[in-house]
Amino acid sequence: MDPDEDVCLCFHVSLRKIRAFLRRERPTVASRLSECLGAGTGCGWCVRSLTALHGQWASGEAEPDLGIDPQRYAEQRAAYRQARREAKDAGPAECDGAAPE
């Protein structure tokens, strides 16, 4: 993935910005990457990617990378968001009234 490609598509946080945040802030947990322009706090798609990048960095990788084509990454996010919309539209599962076992 090119450093200028967005990892967080909701907030347009690029791989370059995430790498710089990792070097500068040295976060001990991946969730701190949300402090990098809100990465991971929108639709949630990039949370796994942020976790992977943090893991690579924590293991000593100087330039963590997702190793995926940006177009494929965006397509996978679109499918993720569509599935979430469909699940939301379906509503909660209906209760059949039976007592739990």
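Computed quantities for the displayed model
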item: Distance (nanometres) between label positions extended 7 Å along Cα→Cβ at Arg23 and Glu75; result: 3.3
item: Contact order relative to length of region 1-54, as percent, for alpha carbon pairs under 8 angstrom and 6 or more apart; result: 34
item: Probe 1.4 Å - accessible area at Glu75, Å² to nearest ten; result: 100
item: Rounded accessible area of Tyr80 (nearest 10 Å², 1.4 Å probe); result: 70
item: For region 1-44, alpha-carbon Rg over 2.2 N^0.38 Å; result: 1.05
item: The chain - Kirkwood radius from inverse mean 1/r over Cα pairs (Å); result: 15.0
item: Label-to-label distance, nm, for residues given as Arg85 and Ile68 (7 Å Cα→Cβ offset); result: 1.9
item: The chain, relative contact order [Cα under 8 Å, separation at least 6], %; result: 24
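The values are calculated or read from the model by the stated rules, or taken from the named source; none is laboratory data. For clarity, every value in this text was computed on a predicted model and none was experimentally measured. Cβ sites come from the backbone with ideal geometry, for glycine too, and all protein chains shown count toward neighbours. Calculation scope for accessible area: heavy atoms of the full protein, side chains included, ligands and nucleic acids excluded. Shrake-Rupley method; radii C 1.70, N 1.55, O 1.52, S 1.80 Å.
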